[in-house]
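Throughout, read-outs are computed from the coordinates displayed, never taken from laboratory work. Keep in mind the model is a prediction, meaning the values are calculated, not measured. Every residue, glycine as well, gets a Cβ built from its backbone with ideal geometry; the counts of neighbours run over all protein chains shown.
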Amino acid sequence: MLVFGYSGGPRPESLRFRQNDPNASLRYLSLRGGRNQPRLAYMSDLTHRPRLGTSPRGIVYVVEGELNALSVIQCGRTALGVPGARGWRSAWAHGFAGAQRVVLILDGDRASRAMARDITDSCLELWGPEWTDLHLDEVLLTSSDGEVMDANDALRVGTLESMLVEIERP
């Protein structure tokens, strides 16, 4: 079991537990009385800005899930993890202030596309269409045989770094 701590300040905000057993009836668990949908994006501070990483050219990567966020951070980039495809909160778009580019790394399923729409709608509402068109991009990571993969899959097979470099080309 993996444990992910959510903390935008000096105290933990919540914990999420991910079961690694593919036969488990529930994939994520929280503490009794706790929130399974944290009020912060994974790896953000209380102002919803990313806490770690220094992506080239001011890029913030947004991914679904904690493992994908940690995978992008492992490659030295800035990432925010949305706790599940339906976990996006509109207020988190404030964390994109100052970002030169926001890249949504999607895994191609229906829920991931819905998350991208939610994020786009939040950016349109907060920043307007001009900012959104200029700064927000969606990317599908694909293997050499055309299979869509998430950031953690790409890290495991050794292709995430080169994929990120390609995304970052001007």
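Key figures for this structure:
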| read-out | value |
| --- | --- |
| By average C-beta atoms within 10 angstrom, highest first, the peptides 57-68, 128-139, 147-158 | 57-68, 147-158, 128-139 |
| Reciprocal of mean inverse Cα separation for region 40-170 (Kirkwood radius, Å) | 14.4 |
| Per principal axis, descending, Cα span of region 99-170 in whole Å | 37, 29, 16 |
| Gained length - Ala111 relative to Arg57, 0.36 nm times residue gap less alpha-carbon distance | 16.6 nm |
